[in-house]
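Scroll down for the structure; my scribbles are underneath it.
Derivation of every value follows stated rules applied to the coordinates shown; laboratory data play no part. Predicted model only: the values in this text are computed from it and were never measured. Positions of Cβ are backbone-derived with ideal geometry, glycine not excepted, and every protein chain shown enters the neighbour counts.
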């Protein structure tokens with residue numbers, strides 16, 4: 001059973017599922033119909049990028065292994081999804097694709113990746129995830145521009161908070177690689193304070209949107225419950241940073257809003 005769980009997590013099936021739940025919630029947040037083609041696009045692109053990130057140098061010498069099979073399948077699926085898609089959508093997705101490949105592959109001068117540039121890496125990650133999971137699906141659904149930016153900013157703070165916890169966990173590893181991140185620059189305690197502050201900003205924006213009748217109360221309550229669990233996770237995270245399942249529980253926070261909305 002543990003081998004199945006490890007395979008499920010290590011090959012990023014769990015993260016990909018959590019991200020599509022997070023994306024689906026953005027549609028339901030404003031009462032919009034889910035664009036399933038776009039949801040599949042998010043799933044396969046996440047699988048592709050994160051498995052590329054995990055490909056080791058020795059894997060390139062192998063004709064075929066399970067990670068390569070996943071990469072090839074996801075690439076083929078994305079090509080099929082792109083065929084017949086409007087040119088506008090393809091153009092808007094292109095920047096996210098380019099940045100994602102630069103993030104995980106050594107394509108920059110000096111064979112560097114974007115995730116090796118310290119403080120820049122968290123901004124690139126958070127902006128790209130917000131753009132793909134929130135901004136684009138709502139933009140393609142012709143959402144009011146003011147609402148679009150309000151929801152996107154709220155989700156930016158939400159994802160930023162989660163990314164900070166991963167940076168705190170990876171502090172020693174990043175330091176050994178010479179990568180300067182926010183926790184190494186401002187200290188772990190101040191980073192936790194920043195994470196809490198950003199989470200409160202995200203919640204405040206959601207509260208404002210339900211107060212202005214932009215969103216419905218059940219949707220807001222699903223976010224409110226998620227914020228409560230997120231606060232508990234921040235409080236407990238120092239005790240589980242060394243736990244192999246940290247990523248699993250952290251990624252679950254992305255899926256919680258949708259789960260609370262439909263399964264609770």
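Quick rundown of the values:
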read-out	value
Those residues of the stretch 90-122 whose amide nitrogen sits under 15 Å from the label point placed on residue 82, 7 Å along Cα→Cβ	90-102
Extended-chain gain in nm, criterion 0.36 nm per residue less alpha-carbon gap, residue 75 and residue 113	11.6 nm
Footprinting exposure proxy for 4, 240 (fewest neighbouring C-beta atoms within 10 Å first)	4, 240
Label-point gap, in nm, between residue 105 and residue 177 - each point 7 angstrom along Cα→Cβ	1.8
Two-site label geometry, residue 92 and residue 54: point separation in nm, points 7 Å out along Cα→Cβ	3.1
Among 216, 87, 102, residue whose mean-square fluctuation peaks in a GNM of the chain (springs only between Cα atoms under 10 Å)	87
GNM top mover of 200, 223, 186 - the chain, alpha-carbon springs below 10 Å	186
Chain lengthening between residue 208 and residue 235 when straightened (0.36 nm per residue, less Cα-Cα)	7.2 nm
Euclidean distance between Cα centres, the stretch 206-245 to the stretch 131-196, Å	14
Projected label distance in nm at residue 120 and residue 228, using a 7 Å step from Cα toward the beta-carbon	4.2
Two-site FRET efficiency, residue 10 against residue 153, from Cβ-Cβ distance with R₀ of 35 Å, rounded to 0.05	0.60
Computed over the chain: relative contact order in percent, which uses C-alpha pairs under 8 Å that are six or more apart	22
Residue-span extension gain [residue 1 to residue 221] - 0.36 nm each, minus C-alpha spacing	75.7 nm
